[in-house]
Amino acid sequence: MSANPAHDDAAAHASASQHYLHHHDHALPPAVRGRKLLIAFLLTTMMMIAEIVGGLWSGSLALLTDGGHMMVDALALLMAFAGARLALRPADAKRSYGYGRMEVLVGFVNALSQFVLVGWVVYEAFDRLLHPDRILSGMMLVVALVGLVVNVLVLRSLHTHAHDDMNAAGASLHVLGDLLGSVAAVLAALAIQAFGWLWMDPTLSILVAILILASAWRLLRRSAHILLEGVPEGLDSATVEAALRSADPAIRDIHHLHVWQLASGSRMATLHAVVEDPAGGARALRAINQLLLERFEIRHVTVQIDPGPCADHDEHCAHD
């Protein structure tokens, strides 16, 4: 044991912080994610232009509607790309954690935009049911099939994002909406060609809107939970606290425990640890960092070692 426990405490905490800064939680590197989002944006923009031209040529309101949908999605992908690029910026004097949370914020905005899109699609669908119009189903089918292929390629590219990556999840949700819209357009074109069922297009559009709404709600809840600094999914604060109390024999109590998530895979924790003997503080700190990393995948940890009663005067320390 070093003769200077305070120095050991600082060294152990600095080591844990460096480990956090140079490690990613099973996620693609931010630069790779940004490149995938840029490719998705370019493909979606090209398909948007094709659908608008095809819709004007064939007189298909379905293709024009899907083209408008893809225009909003292209803007969402551009926002996601900008969020991924901003997330690469280092911390500065005003933002000590950097810009990593931009990914979550963009995912939140993308989820909200889906609610607006769903409302617009449902409105247009009911209008088409009441006022059906002639459609060149052959041209509609060709453009819809091309759109289906493009959306499958884009979705496969984005599907490799980490579970906690709200930015890529929001972008994927928009592309999934395009994919389902293309499937609905293909089925509607076939039904119109074979049976003249003009009502199939708006009916399938409403069904797709309901599916998109469910996914948008899940993404909205997840991203809002992170923005509110809620406990990460799969973790329980009481379980973490109980495990920390037994991490080292020198630990007498754990309090002021806060566990949250900054951005994609960036789990963080702050806590106070009361130790029996001040000389055991460095050992307890190393045990805390190791347990949180190996058992709970928490890599950025700030620990205050209390050698005696907690200095904070509030109800959390009343028992010390």
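Miscellaneous remarks
- The stretch 196-208, residues that are part of a helix (DSSP H, G or I) and touching a residue at least 24 places away in the same chain (Cβ under 8 Å): 201, 202, 203, 205, 206, 208
- Residue that is assigned by TED's automatic domain parsing to the domain that holds residue 154 and of a type in the set (A, V, I, L, M), where the choices are 263, 189, 269: 189
- Selected residue (criterion: surrounded by the most Cβ atoms within 10 Å (Cβ to Cβ)) from residues of the stretch 250-259 that are over 28 Å from the mean Cα position of the chain (by Cα) and among the hydrophobic types (A, V, I, L, M, F, W, C): 251
Listed here are the residues, each with its yes/no results for (1) assigned to a loop (DSSP other than H, G, I, E, B); (2) closer than 15 Å to residue 301 by Cβ; (3) of a type outside the set (Lys, Arg); (4) over 29 Å from the mean Cα position of the chain (by Cα).
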position: 218; (1), (2), (3), (4): no, no, no, no
position: 224; (1), (2), (3), (4): no, no, yes, no
position: 233; (1), (2), (3), (4): yes, no, yes, no
position: 248; (1), (2), (3), (4): yes, yes, yes, yes
position: 272; (1), (2), (3), (4): no, yes, yes, yes
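- Test: residue in the stretch 117-129 that is aliphatic (A, V, I, L, M) and either part of a loop (DSSP other than H, G, I, E, B) or without any contact (Cβ under 8 Å) to a residue 12 or more places away in the chain (or both): no
- The residue list 219, 211, 176 contains one member that is free of Cβ contacts under 8 Å to residues at least 60 places away in the same chain and buried (at least 19 other Cβ atoms within 10 Å of the Cβ), which is 176.
- Residue, surrounded by the fewest Cβ atoms within 10 Å (Cβ to Cβ), within the stretch 224-249, restricted to residues that are in contact with a helix residue (DSSP H, G or I) (Cβ under 9 Å, 6 or more places away or on another chain) and charged (D, E, K, R): 233
The values are calculated or read from the model by the stated rules, or taken from the named source; none is laboratory data. Note that this is a predicted model, so its numbers are computed, not measured. Please note: Cβ atoms are built from the backbone with ideal geometry, for glycine as well, and neighbour counts cover all protein chains shown.
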